[in-house]
Amino acid sequence: MIKDLIVNLESNAARDRVVDVALAIARAFDAHVSGVCFAYDSLPSFTMPDFPSEVLTKMLAANEAAARLAVERFETACKREGVSAAHHLLETPYGTSGRFPKMARRFDLSVIMQSDPENGDNDVLIEQVLFDSGRPVLIVPYIQKDAVKLDRVVCCWDGSRAATRAINDARPFLRRAAVVELLIVRDQKVRDDSELRGIEMANHLARHGIKLDIKVITAPDIGVAGTILSHVADTAADLLVMGGYGHSRLREFVLGGVTREMLASMTVPVVMSH
């Protein structure tokens, strides 16, 4: 059950749709929502001594003012929707420094908007939360217009640890879905024929009161991510559940190819776990 969630607030009002999604989830599960906004997260990368102090002071003041407006919009929306909420305005300059994923460890779900080439870059934040929070993250497409619906939910299954974790973490959504599909994409990397059938996972979820259909498709030349997104579009799915993959390099996680492609090209909200 989802009893509390944390959402990343953004200074750009054009990206407030992520708040609408978070509040819709909070209403559906009668959950508490915490909004977190970083006052100085939109500063460009530069070396401090090379930047005029008066210009820097103005930029800091402008960014903090924009963050406070984001918090005000969040509070107004929470009161309008009658949702239990709290906010955190963090003034740590020059990036989140891992604070958001550490906070996310104490919530059932994180809600973050997908990066937008024009209005916001959340790639690093999503990566941090995915690999360091130990909790699932719901990534909202920047093209999202409606609240998250649960008419049809597609769960990607390949027998891996990450896929197992994602499906388990998404069970609150699956229980409310009208239709749940276990999607298995055949490609050259899948070698365990028993997992290709998906029967055992289907039986496991049935014991939790979740009935689903199993769909097996083959990845053509467009690759696994493209195949999944094409299937999502063809079936008019509302939510995608999948494992978030990556590997460690110099103490940092690097996103796997399918995960990276999905974050760049997603068309529906995605629940990811690692």
Got a sec? Which of Ala170, Ala166, Ala233, Ala219 is free of Cβ contacts under 8 Å to residues at least 60 places away in the same chain and out of contact with any helix residue (DSSP H, G or I) (no Cβ under 9 Å at 6 or more places or on another chain)?
-> Ala233
Across the stretch 195-216, what is the total count of residues that are open to solvent by 50 Å² or more (accessible area, probe 1.4 Å) and either free of Cβ contacts under 8 Å to residues at least 24 places away in the same chain or in contact with a Phe, Trp or Tyr (Cβ under 6 Å, 6 or more places away or on another chain) (or both)?
-> 7
Hey, any hits in the stretch 64-86 for a residue that's surrounded by 15 or more Cβ atoms within 10 Å (Cβ to Cβ), modelled with pLDDT of 95 or more and not in a helix (DSSP H, G or I)?
-> yes
Ala104: passes all of (1) crowded, with 17+ Cβ neighbours inside 10 Å; (2) over 20 Å from Leu263 (Cα atoms) but (2)
Does at least one position in the stretch 43-52 carry a residue that is of a type in the set (A, V, I, L, M, F, W, C) and either touching a helix residue (DSSP H, G or I) at 6+ places or on another chain (Cβ under 6 Å) or at pLDDT 80 or above (or both)?
-> no
Cβ pairs under 6 Å, 6+ apart, first in the stretch 60-71 and touching a residue at least 60 places away in the same chain (Cβ under 8 Å), second among the aliphatic types (A, V, I, L, M) = Ala70/Leu9; Val71/Leu89
Hits in the stretch 246-266 - residues which are open to solvent by 70 Å² or more (accessible area, probe 1.4 Å) and either within 24 Å of Asp146 (Cβ to Cβ) or at pLDDT 85 or above (or both) | Arg260, Glu261, Ala264
Among the residues of the stretch 1-24, write down those that are crowded, with 23+ Cβ neighbours inside 10 Å and of a type in the set (Val, Ile, Thr).
-> Ile6, Val7, Val18, Val19
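The values are calculated or read from the model by the stated rules, or taken from the named source; none is laboratory data. All values reported here derive from a predicted model rather than from experimental measurement. No Cβ is skipped: glycine too gets one built from the backbone with ideal geometry, and neighbour counts run over all protein chains shown. We work out accessible area using only protein heavy atoms, side chains counted, and drop any ligands, DNA or RNA first. Shrake-Rupley method; radii C 1.70, N 1.55, O 1.52, S 1.80 Å.
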